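The values are calculated or read from the model by the stated rules, or taken from the named source; none is laboratory data. On a predicted model such as this, the values are computed, not experimentally measured, just so you know. Quick reminder, even Gly has a Cβ in these numbers, built from the backbone with ideal geometry, and neighbours come from all protein chains shown. These area figures cover heavy atoms from the full protein model, side chains too; ligands, DNA and RNA do not enter into them. Shrake-Rupley method; radii C 1.70, N 1.55, O 1.52, S 1.80 Å.
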Amino acid sequence: MLYNSPLQKLTLSILCLSTALTVTAQEVNYGRSIVRKLASPEFKGRGYVEDGAKKASVFIAAEFAKDGLTPLNSGSYFQDYHLSVNTFPGKVIVQLDQATLKTAVDYLVSASSPSVKGTFKVISISRAQLISAGSAATLAESAKGSFILLDNRPEKEETPEESSEIKKNIQRLEYDEQLDFKGLIIYTTEKLTWTTYTYQSVRPVITVNKKDLDPKSIRQINVQIDASLVADYQPRNVGGMVKGTAVPDSMIVITAHYDHLGMMGRKVYFPGANDNASGTALMMTMARYYGSHPGKYTMVFIAFSGEEIGMLGSEAFVEHPLIDLKKIRFLTNFDMAGTGEEGIRVVNGTIYRNRFDQLVQLNDRYKLLPKVDIRAESCNSDHCRFYQRGVPSFFIYTQGGIRAYHDVYDRAETLPLTVFDNYFKLMQKFFDQL
């Protein structure tokens, strides 16, 4: 049918615009639903307790199947590998004198802590007592069978040399197997952030940040920490692809890690809405779009596990690749895509300056994000394992907004997804121009 009159042409233009806006709205709503799903209690913080991450991988694979993606691994979306991990699947209770502290709100148990149960004497010390070499050993000797409580707030201005010696002594108190005392409590006013580790250390370490607590007054700790070192856990990556229409032998790869920190005890989980349900949602939204709008090049989508424990999922992938790494035209890794009041930052932007400039030009042309900042190379997410093997790659994250990170406050209901829709549009245009 031909549209010859001005009215017919205007009608067609309005219909096209309306369709485009509807498609974009559908994509953004889908992204929001993914964040809510992945950050929900159903997936237990996407860690290793109660197979939270594995349950999330099943959900992601099912979405890839709905989108029509071809599995990367000989008919399977999954790539299994192995790691060790220290977990906290049982009780986690901390009482200082008669006050019961709130898990992950008032305190965090170090991710490498072993199990401990009982009531123990507490011996309080200050940072100043750790200035001299050997002071950790002396203090540990006087605290046999007890917990040491370190008030980690500086009482005076420290020289760089003093700060360095204090840091060394704190590390000895945390990890030195030659020191013989029960455990360490570190009192701080700094934000509590958690992580995961592949090992279990010699003694429990508990970091406390509670405003109305006087660390010098504490005399006793009643504690139960049920830790379990899983020596051989099998997580998995999730991968699918959409074959290119013109150059299928060349690939554009879009990645995000879907794992997070899991649980601390039986009730407390770390939602990980921004880190990295949001980046996973952006990757999956791209997969959904390209599933019905195939590009010139083959589009590959990989959701990695094991990022939070040392980028072990992406390391397993590059060591046993399901695609030819030499055929990757460009790789983009999304991590923390949930804010954006201050735009985005592009790691490796200085390395692949022509690609970075291309992204900036698209943003300037379409006025989508507040700004696109450049950053040098940094091995701080899954792109690094590919970059180390010569794959051209970006790692992009949003800036500004809420500061929840590696804590229980990184929740879907408070994550704004400020520029998610425009971020999607910008990256779609970028991928289509590669």
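Working from label points 7 Å from Cα in the Cα-to-Cβ sense, the Arg365 to Asp97 distance is 6.6 nm.
Using modelled amide H (1.01 Å from N, peptide plane; none on Pro or chain starts), what sits under 5 Å from the amide H of Tyr197, excluding residues fewer than 5 places away? Residues meeting the criterion, in which the H sits 1.01 Å from N, are Asn86. Go ahead and set up a Gaussian network model of the chain, Cα springs under 10 Å, then flag whichever of Ala281, Ala231, Ala53 fluctuates most. Per the Cα network of the chain with a 10 Å cutoff, Ala231 tops the list. For Ser112, neighbours were defined as the other residues whose beta-carbon sits under 10 Å from its Cβ, and their charges (Lys and Arg +1, Asp and Glu -1) total 0. Calculated mean residue ellipticity, 222 nm, the chain: -9500 deg cm²/dmol, from DSSP H runs (n ≥ 4) at -39500 (n - 2.57) each, averaged per residue and rounded to 500.
Overall form of the chain: prolate. Here a/c, set by the Cα gyration tensor axes a ≥ b ≥ c, is 1.5 or more, and a/b is the larger of a/b and b/c. Among Asp151, Asp51, Asp364, which one moves the most in a GNM of the chain with springs linking Cα atoms closer than 10 Å? Among Asp151, Asp51, Asp364, the largest mean-square fluctuation in the Gaussian network model of the chain belongs to Asp364. Taking every alpha-carbon pair under 8 Å whose residues sit at least 6 apart, the chain reaches a relative contact order of 20 percent. Counting protein heavy atoms only, the range 89-227 has 47 percent of its accessible area on carbon and sulfur, 1.4 angstrom probe. Taking 14 Å as the cut-off, the amide N atoms of the range 140-162 that come nearer than this to a point 7 Å along the Cα-to-beta-carbon line of Ile131 belong to 154-162.
In terms of its C-alpha gyration tensor, the range 118-233 has a rounded overall shape, because the principal axis ratio a/c (a ≥ b ≥ c, square roots of the eigenvalues) stays below 1.5. Centre-to-centre separation between the Cα atoms of the range 381-434 and those of the range 221-279: 15 Å.
When the chain is treated as a GNM with alpha-carbon contacts under 10 Å, the residue of Ala56, Ala128, Ala287 showing the greatest mean-square fluctuation is Ala128.
The accessible-area ordering, largest first, of the residues Thr193, Thr298, Thr207 stands as Thr193, Thr207, Thr298, per a 1.4 angstrom probe.
Computed from backbone phi with θ = phi - 60° and the Karplus coefficients 6.51, -1.76 and 1.60, the 3J(HN,Hα) list for the range 107-122 is 7, 9, 8, 3, 4, 9, 5, x, 6, 7, 8, x, 10, 9, 5, 10 Hz; x is used for glycine and proline.
Lys and Arg at +1, Asp and Glu at -1: add these up for the other residues within a Cβ distance under 13 Å of Pro370 and post the number. Here the count lands on -1. Counting only residues at least eight positions apart within a chain, or on another chain, the lysines with an alpha carbon under 20 Å from that of Lys243 are Lys66, Lys296, Lys326, Lys327, Lys429. Largest first, the residues His320, His293, His406 sort by 1.4 Å accessible area into His320, His293, His406.
Annotation: amide H of Leu331 within the under-5 Å range of Val253, Ser393, Phe394, sequence separation 5 or more or interchain, hydrogens built in the peptide plane.
If you take the square roots of the eigenvalues of the alpha-carbon gyration tensor of the range 315-434 and sort them as a ≥ b ≥ c, do you get rounded (a/c under 1.5), prolate (a/b over b/c) or oblate? It is oblate, given that a/c is not under 1.5 and a/b is not larger than b/c. For the range 276-432, the carbon plus sulfur part of the accessible surface works out to 45%, probe radius 1.4 Å. Based on protein heavy atoms only, the chain ends up with 43 Å² per residue of surface accessible to a 1.4 Å probe.
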